[in-house]
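Take a look at the structure set out below.
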Amino acid sequence: MKLFLDSANIKEIEELGSSEYVYGLTTNPTFFYEEGVKSTEEFLSILKDIMPDKEIQLEAMGSVDEILKIARDYVDSPPGTSCEHNIVSKVPFNEEGLEAVSILSKESIKTNVHLVYSVNQAVLAARSGATYVCPLMGRFDDSGQNSSELLGDIKTTFDNYNIETEILAASVRHPDHVKQALLLGVDAITIPYKVFKLMMDHPLTERGTRAFENHTVGQK
Ligand code: G3P
């Protein structure tokens with residue numbers, strides 16, 4: 001099971017990116033916009049020092065040819081740039097995306113088909129050769145539907161047919177989303193910085209630590 005940090009904020013990445021429990025990083029165009037990221041190569045050059053050997057997921061969207069060019073550039077870049085990372089291209093679910101994914105999968109270029117909100121979409125993406133499918137929990141819940149049911153149905157379907165495409169749960173809004181995804185047996189979860197921090201907390205842990213500190217004499 002893989003835990004990704006879902007962020008493009010350098011301070012957040014500097015703090016958590018090198019942690020053993022962080023498998024990699026997922027980004028999206030909104031994160032890049034909010035953080036003022038203008039150059040992917042510049043962004044990756046910063047990551048090289050923080051999480052050099054970890055998987056980095058970057059957006060590749062547009063027409064079939066645009067997706068193919070972006071995804072190929074990520075893996076064919078000259079030394080010292082993105083080629084030193086393990087890049088996965090995030091491709092929004094649509095017909096062009098599925099066509100591009102099917103071509104990229106034959107070139108062993110990893111993809112994550114995201115903005116997935118149904119079993120049918122997940123199966124079409126998997127059968128197109130996607131490395132990951134990415135259902136968005138928070139946004140699905142926001143629409144009044146049940147993200148745990150969606151994840152469970154996708155997991156059951158993939159298990160029924162031994163589908164190897166990995167389920168990467170995203171749009172995680174709180175630790176209970178993480179717990180639900182884990183209980184349902186997804187392959188990966190991408191978690192915002194604030195949720196990682198909340199996962200660390202439990203009042204009983206805090207209380208116990210304080211008690212031990214108060215009882216620890218002469219060891220400071
Ligand atoms: O990167 C996709 C997803 O994790 C972001 O979801 O709903 O927090 O914008 P959201």
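The values are calculated or read from the model by the stated rules, or taken from the named source; none is laboratory data. On a predicted model such as this, the values are computed, not experimentally measured, just so you know. Neighbour counts are summed over all protein chains in view; Cβ atoms, including those assigned to glycine, are modelled from backbone coordinates with ideal geometry. Remember, those area values only see protein heavy atoms, side chains included, never the ligands or the DNA or RNA. Shrake-Rupley method; radii C 1.70, N 1.55, O 1.52, S 1.80 Å.
Annotations
- Residues whose placed amide H lies under 5 Å from that of ASP6, excluding near-sequence neighbours: THR26, ILE191, TYR193
- Accessible surface of the range 2-216 [probe 1.4 Å, protein heavy atoms]: carbon and sulfur percent: 51 percent
- Interatomic Cα distance distribution for the chain, bins of 5 angstrom, percent: 1, 7, 14, 17, 18, 15, 11, 6, 3, 3, 2, 1, 0, 0
- For the residue pairs LYS110/LYS194; LYS48/LYS197; LYS69/LYS106; LYS11/LYS38; LYS110/LYS179; LYS155/LYS194, the C-alpha atoms sit more than 22 angstrom apart in LYS110/LYS194; LYS48/LYS197; LYS110/LYS179; LYS155/LYS194.
- Reciprocal mean inverse distance between Cα atoms of the range 1-81 - Kirkwood radius, Å: 13.3 Å
- Peptide packing: for 194-201, 165-172, 32-39, 56-63, the average count of neighbouring Cβ atoms within 10 Å per residue gives the ranking 165-172, 56-63, 194-201, 32-39, highest mean first.
- Interchain or long-range residues, amide H under 5 Å from GLU55's placed H: LEU25
- In this simple spin-label model, placing a label point 7 Å from the Cα along the Cα-to-Cβ direction at both VAL64 and LYS106 gives a separation of 1.0 nm.
- Charge context of ASP159, other residues only, Cβ under 13 angstrom, K/R +1, D/E -1: -3
- Total formal charge among the other residues, if their Cβ is under 10 angstrom from that of THR40, Lys/Arg +1 and Asp/Glu -1: -3
- Each peptide in 121-128, 69-76 receives the mean, over its residues, of other Cβ atoms within 10 Å, and ordering these scores from highest gives 121-128, 69-76.
- Under the criterion of Cα pairs below 8 Å and six or more residues apart, the relative contact order for the range 2-216 equals 17 percent.
- Neighbours of LEU136 by Cβ distance under 13 Å: Lys/Arg scored +1, Asp/Glu scored -1, total 0.
- Extension gain, ASN9 back to SER39 (0.36 nm per residue minus Cα-Cα distance, nm): 9.4 nm
- About its Cα centre, the dipole of the range 7-139 is roughly 420 debye, where the only charges are +1 on Lys and Arg Cβ and -1 on Asp and Glu Cβ.
- Relative pair counts by distance (%), Cα atoms of the range 159-220, 5 Å bins: 4, 15, 18, 15, 11, 10, 9, 8, 6, 2, 2, 1, 0
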